[in-house]
Amino acid sequence: LIEGPPLGWAAGPTLVSYVVMVVAAGSLVARERRAANLVMPWTLFRRPGFTGANLVGFLFNFALYGSIFMLSLFLQNGRGASPLAAGLELVPMTIWFPLGNLVYSRISAHHTNGSLLTVCMPLAGLASLTMITVTTTTPYWVLAIAVAVASIGAGIISPGMTAALVDSAGAEHA
């Protein structure tokens, strides 16, 4: 699907990818309807906490991996960095995210996952919004700080969201 813009959305390879996606999704549904041992207990989606945690997880991962992709393109195409230089400029993301995980392990005993997600998601979102204002002439340190703050928030969100998901699934499905 990433070839849609250069090849055209109605080009042969793009259309084949649509067909493969539909066939794969249909195959999963057909397999799950016949199987005695399901890939996962789909009834869990009837639980609001489970569905909500999955939605947050989907949006979180979409934003996280999308930002890595877009930032690397911006650094290379917008600012003229080489692939190596762009990778090095993304180091704040790779340093602060695991540090956010460590912060989570320290504060999660004193705060609920809900309160941590409520605080950290807007924090990471605001830092990400700051990245929208970055132009090719913005000093790198501004981008680095925005990436670092968003990554700290993401590092706290990830285990909090995972814990909320596992908790909502219950011990029998954890």
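Summary of computed values
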item	result
Gain upon complete extension [Thr112, Ile95; 0.36 nm per residue less C-alpha separation]	3.6 nm
3J(HN,Hα) from dihedral phi, segment 163-168, Karplus parametrisation 6.51/-1.76/1.60, rounded to Hz, x for glycine, proline	5, 5, 5, 5, 4, 6
Near-label residues of segment 133-171 by backbone N, under 20 Å of a point 7 Å along Cα→Cβ of Ser105	151-167
Residue-level accessible surface for Phe74, protein heavy atoms, 1.4 Å, Å²	50
Distance histogram for the chain (every C-alpha pair counted, 5 angstrom bins, percent rounded to whole numbers)	1, 7, 13, 14, 14, 13, 13, 13, 8, 3, 1, 0
Segment Leu126-Asn61, extension gain: residue separation times 0.36 nm, minus the distance between their alpha carbons	21.7 nm
Length released on extending from Gln76 to Glu172, taking residue separation times 0.36 nm less the Cα-Cα span	29.8 nm
Amide hydrogen neighbours beyond the local backbone of Arg47, cut-off 5 Å, H modeled	none
Summed side-chain charge close to Leu38 - residues other than Leu38 whose Cβ falls under 11 Å, Lys, Arg +1, Asp, Glu -1	+2
Centroid-to-centroid separation of segment 55-110 and segment 137-163 [C-alpha atoms, Å]	6
222 nm mean residue ellipticity, helices alone, for the chain (DSSP H n ≥ 4; -39,500 (n - 2.57); rounded to 500)	-24500 deg cm²/dmol
Karplus (6.51, -1.76, 1.60) ³J(HN,Hα), θ = phi - 60°, over segment 45-54, in Hz, Gly and Pro reported as x	5, 6, 8, x, x, 5, 5, x, 5, 5
Cα-based shape type of segment 1-95, given that a ≥ b ≥ c are square roots of the gyration tensor eigenvalues and the cut on a/c is 1.5	oblate
Ranked packing of 127-137, 48-58, 87-97, 28-38, most packed first, by mean Cβ within 10 Å	87-97, 48-58, 127-137, 28-38
Dipole magnitude (debye, nearest 20) for the chain, charges at Cβ of Lys, Arg, Asp, Glu	280
Rg(Cα) / (2.2 N^0.38 Å) computed for segment 87-174, rounded to two decimals	1.24
Model label zone, Glu3; criterion: amide N under 17 Å from point 7 Å along Cα-to-beta-carbon; scope segment 46-75	none
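The values are calculated or read from the model by the stated rules, or taken from the named source; none is laboratory data. In this text, all values refer to a predicted model and were calculated from it rather than measured experimentally. Counting neighbours? That spans all protein chains shown, and the Cβs are built from the backbone with ideal geometry, glycine included. Ligands, DNA and RNA are stripped out before the accessible areas are found, and what is left, the full protein with its side chains, is counted by its heavy atoms. Shrake-Rupley method; radii C 1.70, N 1.55, O 1.52, S 1.80 Å.
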